[in-house]
């Protein structure tokens, strides 16, 4: 079913309607968005890692503003992962509310820009989250590519 829909998506242009007529059945825009995300890569796998990604970037770059974070992630992943504002800012606000980030506001031209940086607790939590991530990746590697021994 997934392959059928993706083949259709390759040839369908989406108009401003709420749904499309495809071989006599309604294919809703939300379905198309899900398929597009799956086709781009495993975005859902990244979603659970967003806070860790943000913390690691801030550990490496001292302080960053939101758009800068999205562009750095896009650059580092060669376009594989694109963080939307709708995902980024709630994650930043949660990290700030949890005391892991401080916010500095600076005037840049005629605009105010919020820079995010790690607090002392944020630095400690980054180390914890990175360690958890390494353990998770190691476990997943064992699951998807187990090494068999002849002992």
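For region 80-99, the condition of being farther than 17 Å from residue 49 by Cβ, touching a strand residue (DSSP E or B) at 6+ places or on another chain (Cβ under 6 Å) and not in a helix (DSSP H, G or I) holds for none of the residues. Among the residues of region 70-82, write down those that are touching a residue at least 24 places away in the same chain (Cβ under 8 Å) and surrounded by 17 or more Cβ atoms within 10 Å (Cβ to Cβ). Once the filter is applied, which keeps residues that are touching a residue at least 24 places away in the same chain (Cβ under 8 Å) and surrounded by 17 or more Cβ atoms within 10 Å (Cβ to Cβ), region 70-82 yields only 81. Applying the condition of being in a loop (DSSP other than H, G, I, E, B) and under 25 Å from the mean Cα position of the chain (by Cα) to region 100-122 and asking which residue is nearest to residue 52 (Cα to Cα) yields 100.
From the list 112, 95, 137, the lone residue that is surrounded by 14 or more Cβ atoms within 10 Å (Cβ to Cβ) and assigned by TED's automatic domain parsing to the domain that holds residue 60 is 95.
The values are calculated or read from the model by the stated rules, or taken from the named source; none is laboratory data. Note that the coordinates shown come from a computational prediction; the quantities given were computed from them, not determined experimentally. Here the Cβ is made from the backbone with ideal geometry for all residues, glycine too, and neighbour counts use every protein chain on show.
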